[in-house]
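The values are calculated or read from the model by the stated rules, or taken from the named source; none is laboratory data. On a predicted model such as this, the values are computed, not experimentally measured, just so you know. Ideal geometry is used to build each Cβ from the backbone, glycine not excepted, and the neighbour counts take in all protein chains shown. Each accessible area value is taken on the protein alone, full model and side chains, heavy atoms only, with ligands, DNA and RNA left out. Shrake-Rupley method; radii C 1.70, N 1.55, O 1.52, S 1.80 Å.
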Amino acid sequence: MADIQLKDLVKSYGPTEVLHHIEGDIKDGEFIVIVGPSGCGKSTLLRMVAGLETVTSGEIAIGGRRVNELEPSARDIAMVFQNYALYPHMSVRQNMAYGLKIRKLPKDEINRRVEEAAEILEIKQYLDRKPRQLSGGQRQRVAMGRAIVRDPQVFLFDEPLSNLDAKLRVQMRLEIRKLQQRLGVTSIYVTHDQVEAMTLGDRLMVLNGGYVEQFGTPIELYDRPASMFVAGFIGSPAMNFLPTEISAGHATLPGGGLLPVASSYSGAATLGLRPEHLNEDENGPIAIEIDMLEQLGANTLIHGRLHGTGHSITASVPGHANDGIGSIRRFSAAAELTHLFDTGSGKRLDI
Amino acid sequence: MVEHRPLTAFLTHLVLILGVFAIALPVWITFVASTHDELRMNQAPLPLWPGEYFLANMKQTLFGSGLSGTEQAPVWLMLLNSLAMALMISTGKIAISLLSAFAIVYFKFPFRMGFFWMIFITLMLPVEVRILPTFEVVANLGMLNSYWGLSIPLIASATATFMFRQVFLTVPDELLESARIDGAGPLRFFFDILLPLSRTNIAALFVILFIFGWNQYLWPLLITTDTSMTTIVMSIKQMLEAAEQSPQWNIIMTTALLAMIPPVFVVIAMQKLFVQGLTETDK
């Protein structure tokens, strides 16, 4: 078990800097999810921790030991890859035992560990099959088994669920979480799926364009997003953004409505409203002209435009709805559930 | 495309049967000729059905002096020479091209692509083109009349290197990374992961290269002067021109028949892997 420190970490390919001064302290046993859109550098960061990419500058320490110059095998980590990366010509048992065989562990110790991991992952009956005879979910388990038998200080997951179908993904997500809690191994998990990130992580690191936008617990990120990027990325459906003018505790919406906000700021700002925080209110200041309804069963998403303007806005209402296209519904929002961002920098305004 | 019209069925079968006939007839005649005595083979018309001298011909060809009135090595020795040459060429080619492809695909070193193209360019330099300098080198190294001289100049292979390079490029990077995390060094990765994954390609290449080596004619003819180093393919030609007498077709054809057996055996033994190696792309 170990903690991980990332200190002023920079990665460049030639003159192009792709990761900019990443800082992060990961506590022993924590489950950290690195999340961001594709191309944000999240996989690169993970691979740097794994030792598959070199560190341009800065330091990575695992358990207080600087590992920048160490080979992946010397870092005491285990990695689960997106496409599983199982050795196709070896049986499940051989796949799981390969790393231990190289480390020259005694045969019965290897067998014991493989059996134990197979037991945990419920893949005992597949031990003598080849990876190609297994389904995607089973391969994923084998890949995790291969990580578990090494008994590492750190688990690294590189989008391990993205090749699975939706239902299996939800199930495996829970299993990974349970497994990690049971083993208590410090883990870093990379994904672009914000739901996966929210449900799995003790803390989330949101990356965008090589910068850390925010690093905190899922609830912190949801309740107090540090930037418009985080606000738009975390939560589904995504937060609505409207340009407003703030004065005297009120936001003037485009089209003229007045919405109370919990801020003493004054001046132009971007107002963020989560669709699920819009409450139906016949006298509310937010009038939505409906373009489309998405019926999800438990609730309905109303997509439309702020009446009289071109600003698109989405609201989530409980139950069913059958309003016609072009009809208008009015909403209000609680002042403490509104978010204000600086229009230029996208940073949260906390005044 | 599946059609069930009687006429097309008839035509396709006709074409196939003609094809089989065209290929099988010469082989059949070779076999028949090896079962008659010398006298019968010099009379017209040629026999189309086997006679009873097969074992006698076989014995004389394999262990006797072969063709009477010449100083040929016994055919079993030629078979052995050919086998040694073909095996050395095919295994040597495979070993060297596996290693060079491994170096080119998995290691970063200066002028990597330069080396690759240098290897590639040798495609344009088969033995026939570089015959004089190669002979000079082999002669100066004292490798005339030896297995080394027969095989080494033919071992370097751009085709095989290129093929293994393509095979290695289809192996996902994650396997290498996974092996690195498991603690496998380059050689371990090569032997534990890469070789087993290229198994079918190696087999396919072995079949092709074995036949290539077995059928070498010009090069062995040039560098062997000692009859004990004669290979079987060159001896068939020499038998035809031997002495002033009429050709002993029964012996020549028995030799030809014997010369066919090892390649056929290799193809049959490796057929399954061979087809997989040429068609399978999934790693």
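Tabulated results
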item	result
Any chance residue A:109 is surrounded by fewer than 16 Cβ atoms within 10 Å (Cβ to Cβ) and away from chain B (no Cβ under 14 Å)	yes
Residue within region A:59-70 that is of a type in the set (Gly, Ala, Ser), modelled with pLDDT of 90 or more and within 28 Å of the chain's Cα centre (by Cα) present	yes
Near pairs, Cβ below 8 angstrom, 6+ apart or cross-chain, from region A:35-62 (among the polar types (S, T, N, Q)) to any residue that is part of a loop (DSSP other than H, G, I, E, B)	A:38/A:192; A:43/A:159; A:44/A:53
Scan of region A:170-186 for residues that are among the polar types (S, T, N, Q) and open to solvent by 40 Å² or more (accessible area, probe 1.4 Å), ordered by number	A:171, A:181
Residue match in region B:188-210 (condition: buried (at least 17 other Cβ atoms within 10 Å of the Cβ), part of a loop (DSSP other than H, G, I, E, B) and within 14 Å of another protein chain (Cβ to nearest Cβ))	yes
Residue among A:255, A:235 that alone is out of contact with any Gly (no Cβ under 8 Å at 6 or more places or on another chain), outside any strand (DSSP E or B) and not hydroxyl-bearing (Ser, Thr, Tyr)	A:235
Set A:96, A:79, A:90: member being within 20 Å of residue A:173 (Cα to Cα), open to solvent by less than 50 Å² (accessible area, probe 1.4 Å) and either assigned to a loop (DSSP other than H, G, I, E, B) or within 14 Å of another protein chain (Cβ to nearest Cβ) (or both)	A:79
Set A:198, A:228: member being open to solvent by 40 Å² or more (accessible area, probe 1.4 Å), hydrophobic (A, V, I, L, M, F, W, C) and more than 30 Å from residue A:28 (Cβ to Cβ)	A:228
Residue list for region A:118-162, restricted to those being open to solvent by 40 Å² or more (accessible area, probe 1.4 Å) and among the basic types (Lys, Arg)	A:124, A:129, A:130, A:132, A:139
Per-region count, region B:98-134, residues farther than 30 Å from residue B:186 by Cβ, in a helix (DSSP H, G or I) and in contact with a Phe, Trp or Tyr (Cβ under 9 Å, 6 or more places away or on another chain)	2
Which listed residue, of B:112, B:180, is over 25 Å from the mean Cα position of the chain (by Cα), without any contact (Cβ under 8 Å) to a residue 40 or more places away in the chain and within 14 Å of chain A (Cβ to nearest Cβ)	B:180
Meets criteria (modelled with pLDDT of 90 or more, more than 14 Å from residue A:335 (Cα to Cα) and surrounded by 18 or more Cβ atoms within 10 Å (Cβ to Cβ)) for residue A:239	yes
Yes/no for residue B:164 being in contact (Cβ under 8 Å) with a residue 12 or more places away in the chain and not β-branched (Val, Ile, Thr)	yes
Subset tally (residues that are in a helix (DSSP H, G or I) and open to solvent by 60 Å² or more (accessible area, probe 1.4 Å)) for region B:211-245	9
Residue among B:275, B:233 that is within 15 Å of the chain's Cα centre (by Cα) and either away from every other protein chain (no Cβ under 14 Å) or at pLDDT 80 or above (or both)	B:233
Wholly enclosed helices (runs of 4 or more DSSP H) of region B:1-97 bearing at least 2 residues at pLDDT 75 or above and open to solvent by 50 Å² or more (accessible area, probe 1.4 Å)	B:6-33, B:54-62
Failed criterion for residue A:42 (all others in (1) within 24 Å of residue B:176 (Cα to Cα); (2) touching a His at 6+ places or on another chain (Cβ under 9 Å); (3) of a type outside the set (A, V, I, L, M); (4) surrounded by fewer than 21 Cβ atoms within 10 Å (Cβ to Cβ) hold)	(4)
Qualifying residue in region B:147-161 (condition: within 14 Å of chain A (Cβ to nearest Cβ), touching a residue at least 24 places away in the same chain (Cβ under 8 Å) and open to solvent by less than 80 Å² (accessible area, probe 1.4 Å))	no
Residue that is nearest to the other protein chains (Cβ to nearest Cβ), among those in region A:34-66 that are assigned to a loop (DSSP other than H, G, I, E, B) and more than 25 Å from residue A:216 (Cβ to Cβ)	A:52
Members of region B:163-187 that are in a helix (DSSP H, G or I) and open to solvent by less than 30 Å² (accessible area, probe 1.4 Å)	B:164, B:167, B:168, B:175, B:177, B:178, B:179, B:181, B:182
Test: residue A:10 is more than 17 Å from residue A:190 (Cβ to Cβ) and in contact with a Ser or Thr (Cβ under 7 Å, 6 or more places away or on another chain)	yes
Strands (runs of 3 or more DSSP E) wholly inside region A:277-347 that include at least 3 residues being of a type in the set (D, E, K, R)	A:286-295
Residue check, residue B:265 surrounded by fewer than 20 Cβ atoms within 10 Å (Cβ to Cβ) and closer than 30 Å to residue B:29 by Cα	yes
Identity of the residue in region A:1-17, more than 17 Å from residue A:212 (Cα to Cα) and surrounded by 15 or more Cβ atoms within 10 Å (Cβ to Cβ), that ends up modelled with the highest pLDDT	A:3
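So that you can scan it fast, the table gives a plain yes or no per residue for (1) in contact (Cβ under 8 Å) with a residue 24 or more places away in the chain; (2) under 27 Å from the mean Cα position of the chain (by Cα); (3) over 23 Å from residue A:223 (Cα atoms); (4) open to solvent by less than 50 Å² (accessible area, probe 1.4 Å):
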{"residue": "A:262", "(1), (2), (3), (4)": "yes, no, no, no"}
{"residue": "A:270", "(1), (2), (3), (4)": "yes, yes, no, yes"}
{"residue": "A:286", "(1), (2), (3), (4)": "yes, no, no, yes"}
{"residue": "A:289", "(1), (2), (3), (4)": "yes, no, yes, yes"}
{"residue": "A:317", "(1), (2), (3), (4)": "yes, yes, no, yes"}
{"residue": "A:327", "(1), (2), (3), (4)": "yes, no, yes, yes"}
{"residue": "A:335", "(1), (2), (3), (4)": "yes, no, no, yes"}
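For every residue, the table says whether it meets (1) touching a strand residue (DSSP E or B) at 6+ places or on another chain (Cβ under 7 Å); (2) open to solvent by 20 Å² or more (accessible area, probe 1.4 Å); (3) hydrophobic (A, V, I, L, M, F, W, C).
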| residue | (1), (2), (3) |
| --- | --- |
| A:31 | yes, no, yes |
| A:36 | yes, no, no |
| A:49 | yes, no, yes |
| A:63 | no, yes, no |
| A:71 | no, yes, no |
| A:75 | yes, no, no |
